[in-house]
Amino acid sequence: APTTNKQTERKINILNESGSKFAIYWINPQTREGVLMTVPDVMHGASFPLNSFVGHEFEVREVPAASTGLCKSEDQVCRSTSFEVSPGDEQTFTINKHYEIKFVDDKVKAEEQASQIVQDCKMRATTKLAGAAGDAAKTQEAMDDLVECVEVGVASSLAKANEELAFQASIRKGMAEQMENYTCVDLETDTTPPLETKRWRSEKDKKVRNVQILFNRPSSKIHVIDNFISQEECEAMAAAAEPRLHQATVADGKGGSHFSEHRKAMQAGIRVHWEKEKNGDKIAQLSRRVYDYANFVLDLGIEEHGQEDLMSIQYFGRGMNDTAPDRYTPHCDGDCDGLEHKDGTRMATLVMYCTIPEFGGHTNFRNANVHVKPKQGTGVFFSYMDPDSKVMDNGFTEHSGCPVYEGEKKIVTQWIRYGVDAENPWDSFNTLGVKLSEVEDY
Ligand SMILES: O=C(O)CCC(=O)C(=O)O
Ligand SMILES: [Fe+2]
């Protein structure tokens, strides 16, 4: 079973509307004893924010008034109540004067909103129905009216929520853009702590590898896999790349390509000789492991046929004062527009670190707040398509190869496509995912 090394954190808020002071205790699950969380006590009208975890229990206890030494209930017995932190977001617990708890979270809010829309529409429909007095056509009209009313209400509240989301995303992306330069030059920055660690057992080499899950959304996953590529596999890739290394280019969107400061590195594509796989060819073995891992995570039955070549990418450091260092500025490897996947286009990447530079060359996912410090042999897998809905990532997997200042950085990258096979190889699709043979003027 996967091991989770982190409890699920939740920020909660406790509101005092009880009419008197109370204290909040955390209930230790082992001893069942209360641990006081609130010094001083929480006054009537005040709220108390708490960083807690799902499943944690709390008790709220009324505090006697200093002047009388008595509690405010009718029989003057100090009242108390308890609650448990639930999985929802934005949880607020309000304690009223009967010591009842009103619980609100994002789900409850949504339900309240929905019920409000339905109630309003129902009132209108009820009036109309009364007027219809059994007339079939008028009854139908009232029904249609009800449906339309709900539709308009739901649509407008969804539109509002989407607008808020887009606004939040634009703020977050703006902040991430500013952070990129600092994150990349901060050479002390270590790999982001994992949300979860797992193990992956390869059927081919029978090895078990540790996997750190750094980001985990349906359309956007980032994994770091220990010892993914061996020294021999790195050497085989470097040897194959050596005679064909050339300055990397970027697509210009018009079918051509050119050199760019955004992608300053040397590279060479390496064809996999699958016919040599059974003879233990290092490059074929490595490539097989890439697809096996992608299938382990995404379960899409990706095949090697029709995929892009493995890519050897090499960055050379020219010192800390280099104003145009080798690097790969923030980009998405495939589409990251939150739209549906286009047939034959990329949906996952495996970057494998072979040679680690002395300074620089980290891999940074600025929009996900995820940073990877390269380690010899480590693989970074990231996917940018929801394997169920086929909806693309919306920017979380945007990433950069930070500037390399000292030493060399050599990586092997496989860009993985979905919808390609032997008959429909990657280069038979244009960048819009349209088969070139289906384009009229091709
Ligand atoms: O150099 C890196 O760390 C990132 C490389 C990269 O973005 C890619 O190969 O697509
Ligand atoms: Fe990339």
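Tabulated results
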{"quantity": "Extreme residue, farthest from ligand 1 (Cβ to nearest atom), among residues of segment 325-377 that are of a type in the set (S, T, N, Q) and farther than 15 Å from residue 403 by Cβ", "calculated": "369"}
{"quantity": "Single residue of segment 312-324 satisfying the filter (surrounded by fewer than 20 Cβ atoms within 10 Å (Cβ to Cβ) and on the phi < 0 side of the Ramachandran plot) that is nearest to ligand 1 (Cβ to nearest atom)", "calculated": "316"}
{"quantity": "Strands (runs of 3 or more DSSP E) completely within segment 269-378 that count 3 or more residues being touching a His at 6+ places or on another chain (Cβ under 8 Å)", "calculated": "326-331, 363-365"}
{"quantity": "Test: residue in segment 122-132 that is loosely packed, with under 14 Cβ neighbours inside 10 Å, under 30 Å from residue 216 (Cβ atoms) and among the hydroxyl-bearing types (Ser, Thr, Tyr)", "calculated": "no"}
{"quantity": "Test result for residue 208, closer than 27 Å to residue 267 by Cα and aliphatic (A, V, I, L, M)", "calculated": "no"}
{"quantity": "Residue in segment 68-89 that is touching an Asp or Glu at 6+ places or on another chain (Cβ under 9 Å), in the same structural domain as residue 18 (by TED's automatic domain parsing) and within 30 Å of residue 152 (Cα to Cα) present", "calculated": "yes"}
{"quantity": "Qualifying residue in segment 278-295 (condition: farther than 16 Å from residue 241 by Cβ, within 13 Å of ligand 1 (Cβ to nearest atom) and surrounded by fewer than 19 Cβ atoms within 10 Å (Cβ to Cβ))", "calculated": "no"}
{"quantity": "Complete set of residues in segment 399-419 that are within 10 Å of ligand 1 (Cβ to nearest atom), in contact with a helix residue (DSSP H, G or I) (Cβ under 6 Å, 6 or more places away or on another chain) and either closer than 21 Å to residue 293 by Cα or among the acidic types (Asp, Glu) (or both)", "calculated": "412, 414"}
{"quantity": "Considering residues of segment 70-102 that are in contact with a strand residue (DSSP E or B) (Cβ under 9 Å, 6 or more places away or on another chain) and of a type in the set (Lys, Arg) only, the residue nearest to residue 48 (Cα to Cα)", "calculated": "102"}
{"quantity": "Evaluation of residue 413 against (1) part of a loop (DSSP other than H, G, I, E, B); (2) more than 19 Å from the chain's Cα centre (by Cα); (3) among the hydroxyl-bearing types (Ser, Thr, Tyr) (one fails), failing number", "calculated": "(1)"}
{"quantity": "Complete set of residues in segment 367-426 that are within 15 Å of ligand 2 (Cβ to nearest atom), more than 27 Å from residue 301 (Cα to Cα) and of a type in the set (S, T, N, Q)", "calculated": "367, 400"}
{"quantity": "Number of the condition not met by residue 429 [criteria: (1) surrounded by fewer than 22 Cβ atoms within 10 Å (Cβ to Cβ); (2) more than 16 Å from ligand 2 (Cβ to nearest atom)]", "calculated": "(1)"}
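The values are calculated or read from the model by the stated rules, or taken from the named source; none is laboratory data. The structure displayed is predicted, hence computed values, not measured ones. As a convention, Cβ positions derive from the backbone with ideal geometry for all residues, glycine included, and neighbour counts pool all protein chains shown.
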